[in-house]
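Report on one structure; see the data block that follows.
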Amino acid sequence: MRCQDAIDAAFRDLLERATAAGWSEREVFVAVIDLADNHMLSMAANKEMNALIELLKRMT
């Protein structure tokens, strides 16, 4: 199974479970977008922090 196929299957499963729990498709999509956005922001912040830590290590 290709990675994209696995992600598609997992997303469909998430959508089915969330709608079965009472969420609308729109609510699920908004939540997934928010999660992805927050994850990307976290990754960027971690990369920046790691660069600062490395700079401080070189300065000491």
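Glu54 falls short on exactly one of the conditions (1) surrounded by 10 or more Cβ atoms within 10 Å (Cβ to Cβ); (2) under 21 Å from the mean Cα position of the chain (by Cα), and that condition is (2).
With free of Cβ contacts under 8 Å to residues at least 24 places away in the same chain and in contact with a helix residue (DSSP H, G or I) (Cβ under 6 Å, 6 or more places away or on another chain) as the only criterion, which of Ala10, Ala44, Ala18, Ala6 stands out?
Ala18
Within region 21-35, the residues that satisfy the criterion of being open to solvent by 90 Å² or more (accessible area, probe 1.4 Å) and aliphatic (A, V, I, L, M) are Ile33, Leu35. Filtering region 1-51 to residues that are polar (S, T, N, Q) and not in a helix (DSSP H, G or I) leaves only Ser24.
The values are calculated or read from the model by the stated rules, or taken from the named source; none is laboratory data. These numbers come from a predicted model, not from an experiment. Neighbour counts run over all protein chains shown; Cβ positions are idealised from the backbone, glycine included. Quick note on the areas: whole protein, heavy atoms, side chains included, nothing else; ligands and nucleic acids left out. Shrake-Rupley method; radii C 1.70, N 1.55, O 1.52, S 1.80 Å.
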